[in-house]
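Just below is one structure, and these are the notes that go with it.
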Amino acid sequence: MTTLDARSPGDVATPFPLPSADELAGLLRDVWSSVLTLDGEALVEMGLPDAGPTWSTGTVSVSGAWQGHIVVSMSPALATVITAAMLALDDVSPEDVSDAIGELANIVGGTVKSLGPGPSGLSLPYVSLDAAVPLFLGSALARRVDIVCDGEPLRLGVWTVPEGVSS
Amino acid sequence: MRALVIDDSRAMRSIVGHIVRNLGFEVSEAGDGQEALDTMVEGPLPDLCLVDWNMPVMDGLAFIVKVRQNPEWRGITLMMVTAESEHGNIVRALAAGAHEYVIKPFTPDALADKLELLGLTQGLVR
């Protein structure tokens, strides 16, 4: 199992200058400390395996002045921690996790979307639990940040439709 | 004072509801704009609606437009609480009748500050 660099891929032509990996990591820390009221400094950039474990994933899609997808993936254990923080509950159900991860994707996605050209719209989030990270045909993974939070993996990916390619 | 939190995410309703409850509001919830309108028709009317933008059935912008069409609901304060942060969308929401706009992610203090600016926390504990 190959552990990739914490930041990749970087060489994909994008329709606008994407936020840097630092900015994306900072965005996650802001969400951690503000919405989740957890310690944002607990998020540490670190390379993660590209495949293998199942993930809990929230995705929002962008359409309009630019097209793409913003994907927040994490281990099921971290998804449970996030959900418990958002709902202020000790025990959470799969429905709770789906709701919380969807909202996390919505918040992160909205911020990333606003860094691109407008006007653009954001889809409702869609969530998959305990599955492989989704791939998006016709799009390319343009920016990725891998984070470890108290030993649990978290990945933020920005997929765009490359210039010159129709979606 | 009564607050109606409108968001399709239960997690977000929990977070926003907790913040405004701590400010002294009596809080009720709705999962989309249509459910919120149905709640308001049944009464009692809220003093404040905190409404998300992207929701199924009826989104936040359509909800605000509907509320503004009803002269009997003129006294309700409408605050958009949303991940939509494009300048154009903020202008659209305010033009449609929203009184304030809070962008996710936000801190509890940021939301409370906005409510204070609207004069909605007078007499409430903060």
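No value in this document is a laboratory result; all are computed from the given coordinates. These numbers come from a predicted model, not from an experiment. We place every Cβ from the backbone using ideal geometry, glycine too, and count neighbours over all the protein chains shown.
Some notes on this structure:
- Coarse-grained scattering of the stretch A:54-118 at q = 0.29, 0.30 Å⁻¹, given as base-10 log I(q)/I(0) from a Debye sum over alpha-carbon atoms: -1.17, -1.23
- Shielding score for B:5-16, defined as the mean number of other chain Cβ atoms within 10 Å: 6
- Per-residue Cβ neighbour counts within 10 Å put A:LYS113, B:LYS104, B:LYS66 in the sequence B:LYS66, B:LYS104, A:LYS113, beginning with the fewest.
- In the stretch A:72-167, a dipole from Cβ-located charges (positive for Lys and Arg, negative for Asp and Glu) runs towards its positive end, and of A:VAL133, A:SER93, A:GLY121 it is A:GLY121 whose Cα lies farthest in that direction.
- Between the amide H of B:MET58 and those of B:GLY33, B:GLN34, distances stay under 5 Å, these residues lying 5 or more places away or on another chain, with hydrogens modeled in the peptide plane.
- Contact order, relative form, for chain B: 24 percent (alpha carbon pairs under 8 Å, 6 or more residues apart, mean separation divided by residue count).
- Taking amide H atoms as placed 1.01 Å from N in the peptide plane, the amide H of B:GLU29 lies under 5 Å from those of B:VAL5, each 5 or more residues away in sequence or on another chain.
- Sequence of A:PHE16, A:PHE136, B:PHE25, B:PHE63 once ranked by neighbouring C-beta atoms within 10 Å, starting from the fewest: A:PHE16, A:PHE136, B:PHE25, B:PHE63
- Cβ crowding within 10 Å, taken as a proxy for footprinting-reagent exposure, orders A:ASP146, A:ASP90 from fewest neighbours to most as A:ASP90, A:ASP146.
- Exercise: per-residue mean of other protein chain Cβ atoms within 10 Å, A:27-34: 2
- Based on DSSP H segments of at least four residues, each scored -39500 (n - 2.57), the protein assembly as shown has a per-residue ellipticity at 222 nm of -10500 deg cm²/dmol.
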